[in-house]
Amino acid sequence: MGVVILLVMAAGVAAMLSRKLPTAFALVLLAVVIAFLAGAPLTGKNSVFDTVLQEGAPALAATMIAILLGSWLGKLLEETGIAGTLVRKIVEFGGDRPVFVALGVLAVSALVGTVTGSAPAAMLAGLIGIPAMIAVGIPKVTAAGTILMGIAAGMPFELPVWQFFSTALDLPVDIVRGFMLKLFPFALAAAIAYVLVESRRRGVEHTWSLKSVQSKPSSRGGRRQRLGDAPWYALLTPVVPLVLALGFDLAIIPSLLAGVLYALVTTTRPREMNRRLLRTLYVGFEVAAPPITLFVAIGILLAAVKLPGAVDALEPLVKAVSPHNAVLFVLVFTLLVPLCLYRGPLNVFGLGAGIAGVLIATGIYPAVAVLGMATSYNQVFGVADPTSTQTVWSAQYAGVSPQQVMVRTLPYVWAVALGGLCVTAATYL
């Protein structure tokens, strides 16, 4: 029966890759089929209806709320001009020095990436950052990749991601946070190396001009009015949730709420606060709807693969192919990195979540080792996957294809994954 379940999983991957079914729908269908194959009854304990669907759907509720708050905060960063101001300040500081401009946009992208991920983060940093980089001679592919590498550098500090891995892998948030802090230096080093190597290797290409970035109004008041600059103290908004979560050990949802309130208070007149709060919250719901739908499906899949029948069927097969030697662990899972691309079987926001659940439920690896593997793969998916929304948006906005961006960025994020797997093997195996 374990072989049949694996074949069903392979069919699910094929359905997602061929776009026969949306990822969320494919995961739910896959979960129901796995539950039936595992011998689960329709109702009662360890059943299809009561366990897989009823309990699985809200299993990642805390992650869904964190995603919504991150989207809300991201929308506030956009509407209040905080994100745009950060990028403009960096571009003005860099002047006509391409590498300095790119490194500055990279820093802003990383900062925005700590608040929200996916396409919203790319747009917040890229709407001004990409044309600004191209205007000073950064090649288009490098400009798009800089935004993505920056977001990935901030990803280890993205609070909703902490919440997701904490809930999905049943680990305390402080364990997730501890590994993310170990992963961050690899992500940061790869991002900086990408900018320095790619911007110089490809040379300077002058393609666009961006008058809105290069112009310098005569008066400070006129400048703020024309460009919508936020006050300097409002620019600290992305740091507020991080300081509270890291420095004061505050829970994730209150930390994100504090960021929302700080952004509002520092940029909005009292009589306009209610309207801005509601308006940005409603738009935040729209932005958060796709990932929330996906997390509902992931919760259902996790509930299915953790059923006793599924665990018993898969345990001998998974044990037979899983490396336990630390060196083999690093070697095998590093070679498997491409399987997290194109919504592949190791994509943690797809079937990879189910595989992670199987590895933990069967006792193949401790949960913290699965955390290291999953977060390492997530660094690759978040940058180089041509089907991810942030990659597609960044590439198209820069005027190149997502596949071109994948080719340029994959070696760097592959190295990040290697670093994360080495830390995992050295620490947890």
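Have a look at region 89-212 and give its Rg and Dmax from the Cα atoms, expressed in angstrom.
So, for region 89-212, Rg and Dmax equal 15.6, 50 Å respectively.
What number, in nm² with one decimal, is the all-direction average of the projected area of the convex hull of the alpha-carbon atoms of region 54-101?
Over all viewing directions, region 54-101 projects a mean Cα-hull area of 5.0 nm².
Cβ under 11 Å from PHE165's Cβ, PHE165 left aside: what net charge do those residues give with Lys, Arg +1 and Asp, Glu -1?
Within the 11 Å Cβ shell, the charges total -1.
Place the peptides 248-255, 418-425, 68-75, 146-153 in order of packing, highest mean first, counting for every residue the other Cβ atoms within 10 Å and averaging per peptide.
Per-residue mean Cβ counts within 10 Å order the peptides as 146-153, 68-75, 418-425, 248-255.
With axes computed from alpha carbons, what is the tilt in degrees of helix 159-168 against the longest principal axis of the chain, rounded to the nearest 10 within 0 to 90?
0
Can you tally the net charge around TRP72? Count Lys and Arg as +1, Asp and Glu as -1, for every other residue whose Cβ sits under 13 Å from the Cβ of TRP72.
0
Of the cross-linked pairs LYS75/LYS306; LYS20/LYS182; LYS20/LYS306, which ones have a Cα-Cα span greater than 32 Å in the structure shown? Intermediate values should be presented prior to the final figure.
Details: LYS75/LYS306 36 Å; LYS20/LYS182 38 Å; LYS20/LYS306 26 Å.
Table pairs above 32 Å Cα-Cα are LYS75/LYS306; LYS20/LYS182.
Solvent-accessible area per residue for region 284-429 at a 1.4 Å probe radius, Å²?
With all protein chains present, region 284-429 gives 34 Å² per residue.
Output the relative contact order of the chain, whole-number percent, from Cα pairs under 8 angstrom with separation of 6+ residues. Before the final figure, lay out the partial values.
Working: 733 pairs, mean separation 106.8, N = 429.
RCO, the chain: 25 percent.
When Lys and Arg each count +1 and Asp and Glu each count -1, what net charge do the other residues less than 10 Å away from GLY363, Cβ to Cβ, add up to?
Numbers: positive: LYS319; negative: GLU315.
In short, 0.
So for each of 345-352, 283-290 I average, over its residues, the number of other beta carbons within 10 Å; can you give me the resulting order with the highest mean first?
Per-residue Cβ counts within 10 Å, averaged per peptide and sorted highest first, yield 345-352, 283-290.
Using only Cα atoms and rounding to the nearest 10 degrees, what angle (0 to 90) does helix 326-335 make with the longest principal axis of the chain?
It works out to around 70 degrees.
Determine, at each q value in 0.20 (inverse angstroms), the log₁₀ of I(q)/I(0) that the Debye formula gives when each Cα of region 1-94 is one equal point scatterer.
-1.00
With N set to the number of residues, divide the alpha-carbon radius of gyration of region 288-414 by 2.2 N^0.38 Å and report two decimals.
With N residues counted in region 288-414, Rg over 2.2 N^0.38 Å equals 1.15.
What spacing in nm lies between the two simple spin-label points modelled at GLN54 and ASP96, each 7 Å away from Cα in the Cβ direction?
The answer from the label model is 7.0 nm.
Write down Rg/Rh for the chain, rounded to two decimals, with Rg from the C-alpha atoms and Rh from the Kirkwood relation over Cα pairs.
Details: Rg = 22.0 Å, Rh = 22.1 Å.
A ratio of 0.99.
What is the Cα centroid distance between region 308-375 and region 4-68, reported in whole angstrom?
Here the answer is 17 Å between Cα centres.
Please report, as a whole percent, how much of the solvent-accessible surface of the chain comes from carbon and sulfur atoms (probe radius 1.4 Å).
Roughly 67 percent of what the probe reaches on the chain is carbon or sulfur.
Rounded to the nearest 10 degrees, what's the angle between the helix 389-398 long axis and the longest principal axis of the chain, both from Cα atoms, 0 to 90?
Approximately 30 degrees, to the nearest ten.
Could you rank the peptides 80-88, 236-244 by their average count of other C-beta atoms within 10 Å per residue, with the highest value first?
Peptide ranking by packing, descending: 80-88, 236-244.
The values are calculated or read from the model by the stated rules, or taken from the named source; none is laboratory data. This one's a predicted model, so the numbers in the text were calculated from it and none came from an experiment. For neighbour counting, all protein chains shown are included, and Cβ atoms are generated from backbone atoms with ideal geometry for every residue, glycine included. Remember, those area values only see protein heavy atoms, side chains included, never the ligands or the DNA or RNA. Shrake-Rupley method; radii C 1.70, N 1.55, O 1.52, S 1.80 Å.
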